[in-house]
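Visitor: Here it is, the structure in full.
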Amino acid sequence: NQVKNIAILGSTGSIGTQTLDVIRWNSNLFRAFMLTAHSNADLLISQAIEFVPEYAIICDQSKYQQVKDSLAHLPIQVMDGHQAIIDLVTHPDIAVVLTAMVGFAGLEPTIAAIKAGKDIALANKETLVVAGDIITTLAKQHGISILPVDSEHSAIFQCLVGEDYQTIEKLIITASGGPFRGRSLDFLANVTREDALKHPNWVMGAKITIDSASLMNKGLEVIEAKWLFDIEADQIEVVVHPQSIVHSLVQFRDGSIKAQLGLPDMKLPIQYALTYPERVTTNFKRFNFMDYPNLTFEKPDTDTFRNLNLAYTALKQGGNMPCIINAANEIAVAGFLNGNIGFLTMSGVIEECMQQINFISTPTLADYLNTDKETRIFAQNYIKQLPSKALQ
Ligand code: NDP
Ligand code: MG
């Protein structure tokens, strides 16, 4: 039984640190071969001291010397810059690349890894949202697997073990509804960054936490599901389930429905992506029905939370439209986190970009890179010229 070398892109984030927890408990199965961070040098250093990877990469070049000096006594190669990730993720000794960086930045390293024949444990859903056609085509060409880490997609993937994907009638993706479930537009107009960062069931990075509050996360997950399971938009349904116990469901053509359940803990889907098709013993806390006598389900409120329908529209339009909504959303979320726009204005920014950016029906990779850049600039300028009442 050979130890699998794992490259963790974004090891200092929420998914990244939980992946290292999984590796720590399964050191007979896995080795952290490569760790990468954007700018959190202190955490990268302490992770590297514990796990002694072959490579530690820091994107922020101003932190390079600090990381290099702190690890000088260890046999670790320290590199800097985004390009180093793209170059080194192809290393022949890497078996699986776990993509846990946030946003569009995941796209190019994931493409490089697939071209080098690496299996992908995919947390970075933005990669599939932006360029799902290119990614899935490359995955087929290179004979690699894309193993979902996102809890909903892991649930669906687990339900599909041993099933013929042709027999899927419908995927049912559950959503917690976030901290603002049941709230009105008037209420949302005045919510703060701090309100939005309080997710009821999951502790996650800031960007995905805001996406969860605005339902954009669910929209991105619908698009992610389309590509992972080769399914049409109208076969994907979203159901709000505030307890986050049923992680998602699959309905088959005979009407049978399978679901996957468990306490909300990302370590389970992370570990399953790494051990698939096997399951290993864990001491994760077990779910008990008696603690949850009321598992409830309701329709998403798409009038108040407009992003979910914007994502469905983008998926149905296809081409570079999902790339446009992703870039617009990244800028809108950053704008909200920086206090430049209000919560509800985020949907306005996305909608404006969908209308104004050039539509391309069959984009190349260069088109996607260009669309991303163009949309970011447009969204930033759009936010700048908004009257200050948009703050609300
Ligand atoms: P975090 O913000 O907690 O972590 C992001 C990680 O990526 C950090 O290591 C960060 O480095 C690094 N990073 C940030 N920006 C860049 C960049 N431009 N280039 C390279 N690296 C970068 O995010 P999460 O862990 O919450 O989420 C990661 C991904 O996983 C997202 O795509 C998210 O949608 C997805 N996901 C997350 C879930 C969760 O429970 N957290 C659940 C399902 C999916 P640094 O620390 O130095 O800034
Ligand atoms: Mg999810």
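Visitor: On the given criteria, is SER27 under 19 Å from the mean Cα position of the chain (by Cα), surrounded by fewer than 24 Cβ atoms within 10 Å (Cβ to Cβ), among the small types (Gly, Ala, Ser) and more than 16 Å from VAL78 (Cβ to Cβ)?
Guide: Here the answer is no, as SER27 does not meet what is asked.
Visitor: Here is a list of conditions, (1) within 15 Å of ligand 2 (Cβ to nearest atom); (2) closer than 22 Å to ALA84 by Cα; (3) not hydrophobic (A, V, I, L, M, F, W, C), and PRO148 meets all of them except one; can you say which number that is?
Guide: (2)
Visitor: Now for a separate question. Within segment 271-300, can you find the residues that are in a loop (DSSP other than H, G, I, E, B), touching a residue at least 40 places away in the same chain (Cβ under 8 Å) and surrounded by 10 or more Cβ atoms within 10 Å (Cβ to Cβ)?
Guide: TYR276, VAL280, THR282, PHE287, TYR292, LEU295, PHE297, PRO300
Visitor: Within segment 214-223, identify whether any single residue is surrounded by 22 or more Cβ atoms within 10 Å (Cβ to Cβ) and in a loop (DSSP other than H, G, I, E, B), and answer yes or no.
Guide: Looking for residues that are surrounded by 22 or more Cβ atoms within 10 Å (Cβ to Cβ) and in a loop (DSSP other than H, G, I, E, B), one finds at least one in segment 214-223, hence yes.
Visitor: I'm trying to understand the selection: among the residues of segment 318-352, which are of a type outside the set (Gly, Ala, Ser), more than 18 Å from LEU107 (Cβ to Cβ) and in contact (Cβ under 8 Å) with a residue 12 or more places away in the chain?
Guide: Within segment 318-352, PHE336, LEU337, ASN340, ILE341, PHE343, LEU344, THR345, MET346, VAL349, ILE350, GLU351, GLU352 qualify.
Visitor: Can you name the residue in segment 124-145 that is of a type in the set (A, V, I, L, M) and within 16 Å of ligand 2 (Cβ to nearest atom) and, of all such residues, is farthest from ILE8 (Cα to Cα)?
Guide: VAL129
Visitor: Oh, and also: Considering only residues that are surrounded by 13 or more Cβ atoms within 10 Å (Cβ to Cβ), out of contact with any Ser or Thr (no Cβ under 6 Å at 6 or more places or on another chain) and closer than 27 Å to LEU263 by Cα, which ones fall in segment 165-192?
Guide: ILE168, GLU169, LYS170, LEU171, ILE172, ALA175, GLY177, PRO179, PHE180, ARG181, ARG183
Visitor: To continue, here is another question. Could you grab me the full set of residues in segment 111-155 that are away from ligand 1 (no atom under 14 Å from the Cβ) and touching a Gly at 6+ places or on another chain (Cβ under 8 Å)?
Guide: GLY117, HIS142, GLY143, ILE144
Visitor: May I ask you to say which residue of PHE359, PHE336, PHE305 is crowded, with 20+ Cβ neighbours inside 10 Å, part of a loop (DSSP other than H, G, I, E, B) and not acidic (Asp, Glu)?
Guide: PHE305
Visitor: Any idea which of GLN235, GLN260, GLN243 is more than 19 Å from the chain's Cα centre (by Cα), within 13 Å of ligand 2 (Cβ to nearest atom) and surrounded by 14 or more Cβ atoms within 10 Å (Cβ to Cβ)?
Guide: Checking each option against the conditions leaves just GLN260.
Visitor: Which one is nearest to ligand 1 (Cβ to nearest atom), of the residues in segment 175-206 that are of a type in the set (Ser, Thr, Tyr) and in contact (Cβ under 8 Å) with a residue 24 or more places away in the chain?
Guide: Across segment 175-206, the extreme among qualifying residues is SER176.
Visitor: Inside segment 334-377, can you point out the residues that are among the hydrophobic types (A, V, I, L, M, F, W, C) and in contact with a Ser or Thr (Cβ under 8 Å, 6 or more places away or on another chain)?
Guide: PHE336, PHE343, MET346, CYS353, MET354, ILE357, ILE360
Visitor: Yes or no: segment 12-22 includes at least one residue that is under 26 Å from SER151 (Cβ atoms), of a type outside the set (Ser, Thr, Tyr) and surrounded by fewer than 17 Cβ atoms within 10 Å (Cβ to Cβ).
Guide: Yes, that holds for at least one residue.
Visitor: Still on this structure: Among the residues of segment 111-122, is any among the basic types (Lys, Arg), in a loop (DSSP other than H, G, I, E, B) and modelled with pLDDT of 95 or more?
Guide: Yes, there is a match, as at least one residue in segment 111-122 is among the basic types (Lys, Arg), in a loop (DSSP other than H, G, I, E, B) and modelled with pLDDT of 95 or more.
Visitor: Further, regarding this structure: Quick one: is SER256 of a type in the set (Gly, Ala, Ser), at pLDDT 95 or above and closer than 18 Å to HIS199 by Cα?
Guide: Taking the combined requirement at face value, the residue does not satisfy it.
Visitor: List the pairs whose first member sits in segment 148-170 and is of a type in the set (Ser, Thr, Tyr), whose second member is buried (at least 22 other Cβ atoms within 10 Å of the Cβ) and assigned to a helix (DSSP H, G or I), and whose Cβ atoms are under 7 Å apart, counting only residues at least 6 apart or on separate chains?
Guide: Matching pairs, first to second residue: SER151/PRO269; SER154/PRO269; SER154/TYR272; SER154/ALA273.
Visitor: Of these, LEU249, LEU228, LEU263, LEU220, which one is over 22 Å from THR136 (Cβ atoms) and either within 14 Å of ligand 1 (Cβ to nearest atom) or at pLDDT below 95 (or both)?
Guide: Every option except LEU263 fails the conditions.
Visitor: How many residues are over 23 Å from SER14 (Cβ atoms) and without any contact (Cβ under 8 Å) to a residue 60 or more places away in the chain if we restrict to segment 89-122?
Guide: Residues flagged as over 23 Å from SER14 (Cβ atoms) and without any contact (Cβ under 8 Å) to a residue 60 or more places away in the chain within segment 89-122 amount to 7.
The values are calculated or read from the model by the stated rules, or taken from the named source; none is laboratory data. Since we're looking at a predicted model, the values are computed, not measured. Quick reminder, even Gly has a Cβ in these numbers, built from the backbone with ideal geometry, and neighbours come from all protein chains shown.
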